[in-house]
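Shown next, in structure tokens, is the structure this report addresses.
The values are calculated or read from the model by the stated rules, or taken from the named source; none is laboratory data. Only a predicted model underlies this, so the values are computations on that prediction, with no experimental measurement involved. Counting neighbours? That spans all protein chains shown, and the Cβs are built from the backbone with ideal geometry, glycine included. The area values use the complete protein model at the heavy-atom level, side chains included, leaving out ligands, DNA and RNA. Shrake-Rupley method; radii C 1.70, N 1.55, O 1.52, S 1.80 Å.
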Amino acid sequence: MTKWRKSSDSGGVNDEACVELARLGHSVGVRDSKNPDGPHLDLSSQAFGGLLARIRRGELDL
């Protein structure tokens, strides 16, 4: 069974921008916490690291 986890920085159950992560073998799964039965992204560890770096640099801010 896959163990999904939500960030401790999450605003709670009503947080509109919250995702969950899970280790999926050699990749990282990312899904919408409000739709746990919906689809998820399956990113390589390298791609996930790149995504985190872009988020930290503010490159994806709306």
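For the chain, the equivalent ellipsoid built from the Cα gyration tensor has semi-axes of 18, 18, 10 Å, listed from largest to smallest. For the chain, the per residue solvent-accessible surface stands at 81 Å², with DNA, RNA and ligands left out and a 1.4 Å probe.
Here the chain has 52 percent of its accessible surface on carbon and sulfur atoms, given a 1.4 Å probe and all protein chains in place. Each other residue within a Cβ distance under 12 Å of PRO39 adds +1 if Lys or Arg and -1 if Asp or Glu, for a net charge of -2. Working note: 222 nm ellipticity from helices only, DSSP H runs with n ≥ 4, each -39,500 (n - 2.57), summed and divided by the residues of the chain, gives -6000 deg cm²/dmol to the nearest 500.
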